[in-house]
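Step one of this worksheet: look at the structure below.
The values are calculated or read from the model by the stated rules, or taken from the named source; none is laboratory data. Treat the numbers as computed from the prediction; the structure is a model and nothing was measured. So basically every Cβ, Gly included, is an ideal-geometry build from the backbone, and we count neighbours across all protein chains shown. SASA here: full protein model, heavy atoms, side chains in, ligands and nucleic acids out. Shrake-Rupley method; radii C 1.70, N 1.55, O 1.52, S 1.80 Å.
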Amino acid sequence: MGATEDLLRDARARLAQVPREALGRERTSRWRADRIVRAGSAWHLGVLLLTDDGVLSTAEIVRAAEEVRRGYTAESARARAERRAQARRGGFAEGEVVHVGWQELDVAAVDSGAASGPLALVDGVPSVRWSPGGALVPLRGYLDERIALALGG
């Protein structure tokens, strides 16, 4: 096991009592409307989604909602409403948070010196890029801060 995997294992143990958020995958069909279906669950830690046996990068976050007819002034609002309805059609409860478009990260590659999504090794220290334009920060401190928030602290 490498340093990154050790930090993630410790984070999982600390998060054991914290509720998880849903992971979803897009499904299309010729016979049914497009939908987002359940694909597991994870703890949401900023740019990371921590599962029982892996780590994912976040992408789109949707809150499931019934489809309703509205007059939208912007096409972007219409698109967001359609994504919420897709999650609801896929079986998510009204208001449930769903992560879609996430990507699996390669922790072993990070520990060997390569980058994987927002994770990288900097001078032997596992690090995370907390935003696309942000700097790499030590993963240990990042996880400590995000776990404290998740625990309500």
- Query: For region 22-53, which residues satisfy the criterion of being in contact with a helix residue (DSSP H, G or I) (Cβ under 7 Å, 6 or more places away or on another chain) and of a type in the set (Lys, Arg)?
  - Reply: Arg35
- Residues satisfying the stated conditions in region 56-71, i.e. more than 16 Å from the chain's Cα centre (by Cα) and open to solvent by 50 Å² or more (accessible area, probe 1.4 Å): Glu66, Glu67, Val68, Arg69, Arg70, Gly71
- Where Ile36 falls short, out of the listed (1) assigned to a strand (DSSP E or B); (2) open to solvent by less than 40 Å² (accessible area, probe 1.4 Å); (3) closer than 26 Å to Glu145 by Cβ: (3)
- Considering only residues that are more than 25 Å from Gln17 (Cβ to Cβ), at pLDDT 95 or above and hydroxyl-bearing (Ser, Thr, Tyr), look in region 97-153 and name the one that is surrounded by the most Cβ atoms within 10 Å (Cβ to Cβ). Ser127
- In region 39-50, residues that are closer than 17 Å to Leu149 by Cβ, in contact with a strand residue (DSSP E or B) (Cβ under 6 Å, 6 or more places away or on another chain) and either of a type in the set (A, V, I, L, M, F, W, C) or in a loop (DSSP other than H, G, I, E, B) (or both) total 5
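Taking region 1-29 as the search range and keeping residues that are assigned to a loop (DSSP other than H, G, I, E, B) and within 18 Å of Arg83 (Cα to Cα), which one is most open to solvent (accessible area, probe 1.4 Å)?
Step one: filter region 1-29 for residues assigned to a loop (DSSP other than H, G, I, E, B), giving 1-2, 15-20, 28-29.
Filter once more, keeping what is within 18 Å of Arg83 (Cα to Cα): 28-29.
Details: Thr28: 109, Ser29: 41 Å².
Result: Thr28.
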- Query: Only one residue in Ala87, Ala79 is closer than 21 Å to Arg27 by Cα, of a type in the set (A, V, I, L, M), open to solvent by 40 Å² or more (accessible area, probe 1.4 Å) and not in a strand (DSSP E or B), so which one is that?
  - Reply: Ala79
- Message: Contact list please: Cβ distance under 9 Å, first residue in region 27-48 and on the phi > 0 side of the Ramachandran plot and in contact (Cβ under 8 Å) with a residue 40 or more places away in the chain, second residue part of a strand (DSSP E or B) and surrounded by 14 or more Cβ atoms within 10 Å (Cβ to Cβ), pairs at least six apart or on different chains.
- Response: Gly46/Val128
- Message: Which of the numbered conditions does Asp53 fail, given that it passes all the others? Conditions: (1) assigned to a loop (DSSP other than H, G, I, E, B); (2) more than 15 Å from the chain's Cα centre (by Cα).
- Response: (2)
